[in-house]
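One structure below.
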Amino acid sequence: MADVLSQSEIDALLSALSAGELEPEELPKEEEKQKVKVYDFRSPQKFSKEHIRALEVIHDNFARIISNYLTAQIRRNTKVKIETVEQITYEEFIHSVPNPTIMMVFKMIPLNGSVLFEMNPTFSFKIIDILLGGSGDKVHVNKEFTDIDKNIIYKIGSGIIANLKLAWEDVLSIDTEIETLDTNPALNQTLAPNEAVALITFSAEIGDNNSFLHLCIPYLSIEKFLDKLIMQNWFRAEDSSDNDIAHENIRHGIDEVTVNVEAELGKTSILVDDFLKLTQGDVLMLNEKVTEPIKVYIEDELCYCAKPGTIGKKIGVSILDTIRKDVEGDE
């Protein structure tokens, strides 16, 4: 608590200030007020750092997957890597992409709404040129996309988008469904201009040229599944419920296996002529005593020793011991 000035001290300060002996800046200052953090209501931060980090991890894996996919499709070494993951507004995204460009609108079921995937013209025309037999060395082609161009790039884009299922499978089971392919981003009215989106930017290196791909995921689409984007939950699920489910699936699979079980009372040898003359009531002398256990085979492998008996009106065996040949072999 600040000291309280006496009346004489106050009079001395006032007289010194009037005489010019004390500058106003030298007067005791009030305690600084608590700093206020600036918040832009037009662009609220809806994605937390944890959500952004999770999206980065998921789509870093996606970049590796589509690198292999594109390499196989165009027969050229292609490297795709994630560059940035950031939250912006939909309007900022639309204004940042060139016109014309390739913009595919699709659904990520069970996410709500639509997701956008944009392929830069440099990337698109390079892919088209290579697939049509060209060298793919042209850096930029200043022209509109023809119907043939759209059909070619639609097939490639559909394959890229389908690979999202592999990238997301450890977090959320999704399915993709292409809605439209547009070349003029200004005409796309999928979202409100101030709607928050997560913009994931990829760089694609084909030969000596780099181009960019953009994946735009609206906050409204992923809002109900934000808990899936907390990486701590991924490890908890693996340590508890997922392991229990896996063990139950293994147990269930084993329970359904059908095997052949045989119980051998003993063996004997007789002539074929005697065998053909056997009738009801004849007695065969076996090589095992009545007091000795019988052998139980599973798929022709000796596994148990047992004693014979009856279970109700049925004949059965009671297991006495397990024969573990594998253990003896290991020793």
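Could you pull out the residue among 200, 156, 174, 178 that is under 17 Å from residue 82 (Cβ atoms) and either in contact with a Gly (Cβ under 7 Å, 6 or more places away or on another chain) or of a type in the set (A, V, I, L, M, F, W, C) (or both)?
200
Checked against (1) modelled with pLDDT of 90 or more; (2) open to solvent by less than 50 Å² (accessible area, probe 1.4 Å); (3) assigned to a helix (DSSP H, G or I), residue 80 passes all but condition (3). May I ask you to verify whether residue 137 is over 25 Å from residue 177 (Cβ atoms) and either in a helix (DSSP H, G or I) or in contact with a Phe, Trp or Tyr (Cβ under 8 Å, 6 or more places away or on another chain) (or both)? Spelling it out, it is not the case that residue 137 is over 25 Å from residue 177 (Cβ atoms) and either in a helix (DSSP H, G or I) or in contact with a Phe, Trp or Tyr (Cβ under 8 Å, 6 or more places away or on another chain) (or both).
Here residue 226 clears all of (1) part of a loop (DSSP other than H, G, I, E, B); (2) over 24 Å from residue 81 (Cβ atoms); (3) in contact with a helix residue (DSSP H, G or I) (Cβ under 7 Å, 6 or more places away or on another chain) except the condition numbered (1). Contact map, the stretch 46-59: first residue more than 17 Å from residue 170 (Cβ to Cβ), second residue of a type in the set (Ser, Thr, Tyr) and surrounded by fewer than 21 Cβ atoms within 10 Å (Cβ to Cβ), Cβ cut-off under 7 Å, separation 6 or more or different chains; pairs are 46/219; 47/219.
Applying the condition of being touching a residue at least 40 places away in the same chain (Cβ under 8 Å) and touching a Ser or Thr at 6+ places or on another chain (Cβ under 8 Å) to the stretch 156-182 and asking which residue is nearest to residue 224 (Cα to Cα) yields 164.
Given the criteria in contact with a Cys (Cβ under 9 Å, 6 or more places away or on another chain) and not hydrophobic (A, V, I, L, M, F, W, C), does residue 144 qualify?
no
Return yes when residue 318 is free of Cβ contacts under 8 Å to residues at least 12 places away in the same chain and out of contact with any helix residue (DSSP H, G or I) (no Cβ under 6 Å at 6 or more places or on another chain) and no when it is not. In short, no. Taking every residue in the stretch 96-123 that is of a type in the set (A, V, I, L, M) and pairing it with any residue that is part of a helix (DSSP H, G or I) and open to solvent by 30 Å² or more (accessible area, probe 1.4 Å), at least 6 positions away or on another chain, the pairs with Cβ-Cβ distances below 7 Å are 111/225.
Taken together, the residues in the stretch 105-122 that are farther than 20 Å from residue 186 by Cα and surrounded by 19 or more Cβ atoms within 10 Å (Cβ to Cβ) amount to 2.
The condition of being in contact with a Gly (Cβ under 9 Å, 6 or more places away or on another chain), surrounded by fewer than 17 Cβ atoms within 10 Å (Cβ to Cβ) and at pLDDT below 85 does not hold for residue 253. Looking across the stretch 186-233, the residues that are at pLDDT 80 or above, of a type in the set (Gly, Ala, Ser) and open to solvent by 40 Å² or more (accessible area, probe 1.4 Å) come down to 186, 192.
The values are calculated or read from the model by the stated rules, or taken from the named source; none is laboratory data. Just so we're clear, the structure is a prediction, and the values are computed from it rather than from any experiment. In this analysis, Cβ positions are derived from the backbone assuming ideal geometry, glycine residues included, and neighbour counts consider all displayed protein chains. For the accessible areas, the whole protein counts, side chains as well, though only heavy atoms, and no ligand, DNA or RNA atoms are used. Shrake-Rupley method; radii C 1.70, N 1.55, O 1.52, S 1.80 Å.
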